[in-house]
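For reference, the structure is listed below as structure tokens.
The values are calculated or read from the model by the stated rules, or taken from the named source; none is laboratory data. Please read these numbers as outputs of a predicted model, since none were measured by experiment. Please note: Cβ atoms are built from the backbone with ideal geometry, for glycine as well, and neighbour counts cover all protein chains shown. Each accessible area value is taken on the protein alone, full model and side chains, heavy atoms only, with ligands, DNA and RNA left out. Shrake-Rupley method; radii C 1.70, N 1.55, O 1.52, S 1.80 Å.
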Amino acid sequence: MNMDQLKRQAAARALDEVRDGMQLGLGTGSTAKHFIELLGERVAAGLNVIGVPTSEATRADAERCGVPLTTLDEIDHLDLTVDGADEIDPQLNLIKGGGGALLREKIVAAASDRMIVIADDTKWVPTLGRFPLPVEVIPFGLGATRRAIEKAFAQCGVSGQMAVRKAKDGHVFVTDGGHWIVDAQLGRIADPASLAKALSAIPGVVEHGLFIGLASSAVLAGGDGIRVIERR
Ligand SMILES: O=C(CO)[C@H](O)[C@H](O)COP(=O)(O)O
């Protein structure tokens, strides 16, 4: 089974948790896209749900698949968010933002009663940090923000190269919120919760890709089948 088939399997397993009448957070990325396509099939067959997309790309996918959409201004909570991740550790802390949607993804996950992370099992790691940590920043004053980020890294015992993310066309990647992303190659993040707190305290940092205590469970698809891990 190839990676894409594994992603679709994980998405299908998460779909089992969706009930009629649910208000859903819809994640971003190739795995979340499988979930939206499968959800669209269920909606076409009569399932009644409404979703909040975590990016403009997901909004377009959901519209294409016939999934009805709303906003967090029109509804007061979400029952369930289903989203992918770039890394998942045994405490179900995550690195997200490889697709650049971390800000809306975190707002939606935080507004949700439950978050199920869907992934192929290559995303499962003993310690976060191999995947570059995305930090979403305001372009104004970027030099000062980068220095503050470096200081936060040093305080938390990590270090590594930082680079402003570029889009495929070579221009700076701009998020749906109009911000930039700095990707930090940290290698190993021993204390993700402390680092998350330190980064959140920096004025020019809009959000970062460490999702601490937000995921309720993870569905991991691998060659040996599907593994569901619940947060303790
Ligand atoms: O955080 C994300 C987007 O901001 C994605 O969930 C993450 O990058 C995983 O993507 P994929 O399912 O394509 O591997």
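Data for the structure
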read-out	value
Positions within segment 205-217 being small (G, A, S) and crowded, with 21+ Cβ neighbours inside 10 Å, in sequence order	G209, A215
Enumeration of residues in segment 93-147 that are surrounded by fewer than 20 Cβ atoms within 10 Å (Cβ to Cβ) and in a strand (DSSP E or B)	D113, R114, W124
Meets criteria (outside the structural domain of K96 (by TED's automatic domain parsing), of a type outside the set (S, T, Y), in contact with an Asp or Glu (Cβ under 6 Å, 6 or more places away or on another chain) and open to solvent by 70 Å² or more (accessible area, probe 1.4 Å)) for D169	no
Residue within segment 39-48 that is within 13 Å of the ligand (Cβ to nearest atom) and either open to solvent by less than 60 Å² (accessible area, probe 1.4 Å) or of a type in the set (G, A, S) (or both) present	no
Unique match (being part of a strand (DSSP E or B), under 28 Å from N2 (Cα atoms) and away from the ligand (no atom under 16 Å from the Cβ)) among V219, V228	V228
Any chance V164 is without any contact (Cβ under 8 Å) to a residue 60 or more places away in the chain and within 14 Å of the ligand (Cβ to nearest atom)	no
